[in-house]
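Let me begin by presenting the structure, written as structure tokens, before commenting on it.
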Amino acid sequence: NTLVQVSDSVEVIIASDAAVVGTVQKTTSGYDFVWLLTNSFHELTNVKIEADLYGEFAWDPAKLVVPVGKAVFDSKTKKLVWDIPKLPTNIDSAALKFSTTVNKFNATQTDVTGKIKFTATDSVTNEVLNSTLAGLKTPQ
């Protein structure tokens, strides 16, 4: 008698659930923004979220809340870049918060940001994640 052992193994890898949502609210003096990054399945590396900010406004670094990583605003290009070298799964959400003080409200301005671009690498699948969200509109 010969014993033959057959074993099938199946490895299931879940695709990343990383997502970014941007919101804006009008205040009496300008706008309050939130970029919410959510992720729970796999650790992410080289995370970058960026957008150009529109309008005539003053940037106040004291109103910038960076929960993880580093955010830099370039006043010449009006580009905000949020870099996160490593986002472990025990951080399932992170919200970058910032505000602008408008120097002069423009009644015809409809956009307050350009497209919000998100890139990251899923450390389990090594997949490079890319997504682009529509720019944020002027809230009424």
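The values are calculated or read from the model by the stated rules, or taken from the named source; none is laboratory data. Everything quoted here is computed from the prediction, not taken from an experiment. Every residue, glycine among them, receives a Cβ derived from its backbone with ideal geometry; neighbour counts consider all protein chains shown. Surface areas here come from the heavy atoms of the whole protein model, side chains and all, with no ligands, DNA or RNA. Shrake-Rupley method; radii C 1.70, N 1.55, O 1.52, S 1.80 Å.
A simple spin-label model places the labels of residue 104 and residue 59 2.1 nm from each other, with each point 7 Å out along Cα-to-Cβ. Taking amide H positions as modeled 1.01 Å from N, with prolines and chain starts lacking one, the residues under 5 Å from residue 30 and 5 or more places away or on another chain are 102. Solvent exposure of residue 89, expressed as accessible area, is near 60 Å², computed with a probe of 1.4 Å over the protein chains only. If a spin label sat at a point 7 angstrom from the Cα of residue 97 along the line to its beta carbon, the backbone N atoms of segment 43-79 nearer than 19 Å would be those of 59-73. In order along segment 73-88, phi translates into HN-Hα couplings of 10, 9, 5, 6, 8, 6, 9, 10, 10, 10, 10, 10, x, 8, 10, x Hz, rounded to whole numbers, per the Karplus curve 6.51 cos²θ - 1.76 cosθ + 1.60 with θ = phi - 60° and x for Gly and Pro. Only protein heavy atoms count here; on that basis, with a 1.4 Å probe, residue 137 has an accessible area of about 130 Å².
Please compute the net charge surrounding residue 84, taking Lys and Arg as +1 and Asp and Glu as -1 over other residues with Cβ under 9 Å from its Cβ. Please list the in-between numbers first.
Numbers: positive: 48, 70, 86; negative: 83.
Summing Lys and Arg as +1 and Asp and Glu as -1 gives +2.
Output the peptides 118-127, 40-49 sorted from most to least packed, where packing is the average of other Cβ atoms within 10 Å over each peptide's residues. Each step should come with its number before you reach the end.
Values: 118-127: 16.5, 40-49: 18.3.
Highest to lowest by the protection proxy: 40-49, 118-127.
For residue 138, the residues whose amide H sits under 5 Å from its own are 111, 112, ignoring neighbours fewer than 5 places away on the same chain, with H placed 1.01 Å from N.
Where (i) 11, 38, 26, 13, 5, 3, 2, 2, 0; (ii) 11, 37, 25, 8, 4, 4, 4, 3, 2, 1, 0; (iii) 11, 37, 34, 11, 3, 2, 1 are the candidate values, the label of the one calculated here for P(r) over Cα pairs in 10 Å bins from 0, in percent is (i).
Computed FRET efficiency, Cβ-Cβ of residue 127 and residue 34, R0 25 Å: what is it to the nearest 0.05?
Numbers: r = 26 Å, r/R0 = 1.05.
For R0 = 25 Å, the calculated efficiency reads 0.45.
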